[in-house]
Structure formats: structure tokens, C-alpha cells
1. Filter the range 37-53 for residues that are crowded, with 16+ Cβ neighbours inside 10 Å and farther than 14 Å from E27 by Cα; which is nearest to the ligand (Cβ to nearest atom)?
2. So A228 fits all but one of (1) touching a residue at least 60 places away in the same chain (Cβ under 8 Å); (2) at negative phi; (3) part of a loop (DSSP other than H, G, I, E, B); what number is the exception?
3. Tell me which residues, restricted to the range 102-137, are in a loop (DSSP other than H, G, I, E, B), crowded, with 17+ Cβ neighbours inside 10 Å and under 15 Å from the mean Cα position of the chain (by Cα).
4. Identify the residue in the range 81-95 that is farther than 13 Å from Y134 by Cα and within 16 Å of the ligand (Cβ to nearest atom) and, among all such residues, is surrounded by the fewest Cβ atoms within 10 Å (Cβ to Cβ).
5. Which of (1) within 16 Å of the ligand (Cβ to nearest atom); (2) over 16 Å from the mean Cα position of the chain (by Cα); (3) crowded, with 21+ Cβ neighbours inside 10 Å; (4) among the aliphatic types (A, V, I, L, M) is the odd one out, the single condition A99 does not satisfy?
6. Please go through the range 178-206 and give me each residue that is hydroxyl-bearing (S, T, Y) and surrounded by 13 or more Cβ atoms within 10 Å (Cβ to Cβ), ordered by number.
7. If I filter the range 54-70 down to residues being within 15 Å of the ligand (Cβ to nearest atom) and surrounded by fewer than 17 Cβ atoms within 10 Å (Cβ to Cβ), which single residue comes out as nearest to Q15 (Cα to Cα)?
Amino acid sequence: MSQSVTVIGLGPMGQAMAAAYLDRGYEVTLWNRTPSRADALVARGAKLAETPAQALAANELVILSLIDYDAMYTAFAGAEHALAGRVLVNLSSDVPEKARAAARWVEGLGGTHLTGGVLSPPPGIGSPDMSTFYSGPREAYEKYRADLEVITGQTDYRGEDQGRAALMYQLNMVIFWPAMLAYWQAVALADAHGISASEIAPYASGNYAGMGQFIDFYAPRIDAGNHAGDVDRISMGVASMEHVVHTNADAGVDTAFPQAVLDAFRKGAEAGHGADSFSRLVELIRKGA
Ligand code: NDP
């Protein structure tokens with residue numbers, strides 16, 4: 001346990017992280033490109049470093065929460081020497097290969113890099129129920145594990161590959177963003193018929209809450225290569241998605257998103273898999289067909 005930490009990057013996430021450390025009695029040193037974002041935290045006792053180099057010098061444990069990995073190179077330009085001996089826990093999200101390249105860069109400068117992927121919005125930071133993926137050197141993860149549990153109570157270490165935590169985070173985003181877009185589509189269609197977002201909220205919530213059952217049903221079948229059309233069929237999916245596209249079009253609502261789903265189903269049918277489960281689409285997507 002360190003009791004002293006540097007947080008670099010004060011967007012909504014970095015601010016919430018710094019606040020969580022202050023709540024736990026840590027000495028917190030901050031740096032942000034726009035210094036005014038530190039005002040409320042400084043009022044609570046955090047120290048604002050004048051330069052990134054000073055922020056790095058203040059603590060061995062440095063939490064980084066920037067918009068992406070490129071911002072790290074911009075932020076640390078001219079401060080590279082100060083990375084020696086630091087443990088940089090990079091909670092900025094980006095692609096796995098950029099995480100690996102950043103780790104090589106930090107290690108080349110004498111520091112240690114741990115990649116993180118936070119599965120929590122800002123209000124969940126500090127909660128015991130939220131979780132963060134980590135990957136990179138196990139020794140650094142174990143050494144600072146208790147400090148990292150201040151950010152989210154649960155930590156999920158995924159091994160030495162620096163890209164793995166970023167990949168696990170991206171897998172979640174692949175699901176999250178389109179799932180939310182599907183909801184926005186339903187809200188827009190409802191609105192076109194004078195139905196409010198609040199009125200459909202319980203039905204939308206119920207729909208998403210039930211998704212876990214589908215995942216649990218399909219995952220072992222997919223792993224076993226079983227795409228039998230005993231429960232659903234791609235041909236049924238094509239017909240259903242045509243209804244969805246037409247219902248949206250009839251209401252004058254943008255159809256780009258449901259049309260993309262329909263196109264994927266049609267590809268499956270045209271490839272001769274109309275009688276198979278729509279889980280067969282995994283194989284077609286995987287091949288880039
Ligand atoms: P942003 O993604 O908007 O990141 C803002 C931070 O990046 C600010 O500190 C900003 O500085 C800094 N920044 C941007 N460009 C540069 C640059 N060129 N040089 C230096 N600093 C730069 O805010 P969030 O806090 O929401 O997100 C931080 C990270 O956490 C992101 O990678 C995001 O994907 C991830 N994340 C966010 C979640 C969320 O719900 N918000 C949930 C899970 C992960 P300045 O203040 O000066 O603009």
C-alpha cells in the first residue's frame with residue numbers, strides 16, 4: 001500500500017480517481033494540461049504539480065487517465081527522464097498494440113508500465129463492485145494491487161501481455177457501444193410515435209437484463225461448433241430484421257443501423273446458412289466474409 005499517488009489526466013475519470021484517493025487519505029499529486037480542472041481537488045488537499053516532470057518525480061505510483069495513448073507522448077514530451085523508476089498505470093483506453101508500444105517506450109526509459117481497462121463510468125470509481133482489467137508485469141500489479149483497488153474494488157489481472165487488458169476492454173466496448181446505439185434507435189422510433197424514453201425504459205431494461213441468458217446459451221454451443229437451427233434460424237432473423245427496417249422507415253427514422261444488421265443476416269442466408277442458428281454469423285464475421 002502506497003498512501004501516496006500521482007494522477008495525471010483530469011477528465012471525469014481522472015478527477016473521480018483522484019477524489020477516491022483523497023477519500024482514502026492518500027497524498028495526491030496532480031497534473032493536467034488544463035490546470036483549472038484540478039481546482040476542486042486542490043481545495044480538498046491535493047497538490048498540483050507545475051510540470052509533468054514534477055508530477056512524475058513526486059511518486060513511484062503514477063496513474064494515467066488521458067483520452068488515448070498518443071496524449072501520453074504529448075504530455076511527457078521533455079519529461080521523459082522523469083519516467084525512470086516510476087510505475088505508470090495507464091488507464092487511458094486505446095488499441096492493444098499501442099499499449100504494447102507504450103510499455104516498450106516506458107521500459108526503455110527505465111520505468112514500468114501496467115496497462116489497465118476500467119469497466120466503470122466516473123460515478124462508479126471508488127466502488128467495491130466495479131472492476132478493472134490489468135496486464136503487464138505481475139510483480140508491479142501485486143505490489144500496487146491494494147492501491148489499484150481504491151479505483152475499483154475489483155481488479156482482474158489478465159497476464160503479462162501488455163495488450164491483453166486493452167483487448168479485454170475493447171471486447172467490452174464492441175458490445176457496449178452498439179448495444180447502446182440499439183437502444184437509441186428504439187428510443188428514436190418510439191419518439192416518432194409519441195412514446196417517451198421513460199415509457200419504454202422498463203421494456204428496454206428487461207430486454208438487456210435477459211441478454212445474459214442468450215450469452216450463456218450460445219457460448220458453449222459456439223465453442224463446440226454447434227450452430228444447429230433448433231431454436232432460431234438465420235432465415236427467421238432475415239424476416240424479422242426486414243420488419244424492423246420497414247417499421248423504422250415507415251416512421252421516417254434513420255435505418256442505417258438496423259439495415260447493417262439486416263445485411264449481416266442476409267449474408268448468412270446467401271452463404272447457404274439460412275437454416276442454421278444465427279450464431280453461425282460468428283464464423284462469417286471471423287472470416288471477414
Ligand atoms: P477524456 O477521454 O475526455 O480524457 C480527458 C483527459 O485527456 C483530460 O485530462 C485531457 O486534458 C487529456 N488530454 C486529451 N488530449 C490531450 C493531449 N493532447 N495532451 C495532454 N492531455 C490530453 O475523459 P475521461 O476522463 O472520460 O476518460 C479518460 C479515459 O478513460 C479515456 O481513455 C476513456 O476512454 C476511458 N474511460 C472513460 C469512461 C467514461 O465513462 N468516461 C469509462 C471507462 C474508461 P484537458 O483537461 O487539458 O483537456
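None of the figures in this text is laboratory data; all of them are computed from the coordinates on show. Not measured: the values here are computed from a predicted model. Here the Cβ is made from the backbone with ideal geometry for all residues, glycine too, and neighbour counts use every protein chain on show.
1. R37
2. Of everything listed in (1) touching a residue at least 60 places away in the same chain (Cβ under 8 Å); (2) at negative phi; (3) part of a loop (DSSP other than H, G, I, E, B), A228 misses just condition (1).
3. Listed by number, the residues that qualify are S120, I125, M130.
4. Here the residue is V95.
5. Among (1) within 16 Å of the ligand (Cβ to nearest atom); (2) over 16 Å from the mean Cα position of the chain (by Cα); (3) crowded, with 21+ Cβ neighbours inside 10 Å; (4) among the aliphatic types (A, V, I, L, M), the lone unmet condition for A99 is (2).
6. Looking only at the range 178-206, we keep the residues that are hydroxyl-bearing (S, T, Y), and these are 183, 196, 198, 203, 205.
Y183, the sole residue that qualifies.
7. Initial filter on the range 54-70 (within 15 Å of the ligand (Cβ to nearest atom)): 55-56, 62-70.
From what is left, the residues that are surrounded by fewer than 17 Cβ atoms within 10 Å (Cβ to Cβ) are 67-68, 70.
Working: I67: 13, D68: 16, D70: 20 Å.
Filtering the range 54-70 for residues that are within 15 Å of the ligand (Cβ to nearest atom) and surrounded by fewer than 17 Cβ atoms within 10 Å (Cβ to Cβ), the one nearest to Q15 (Cα to Cα) comes out as I67.
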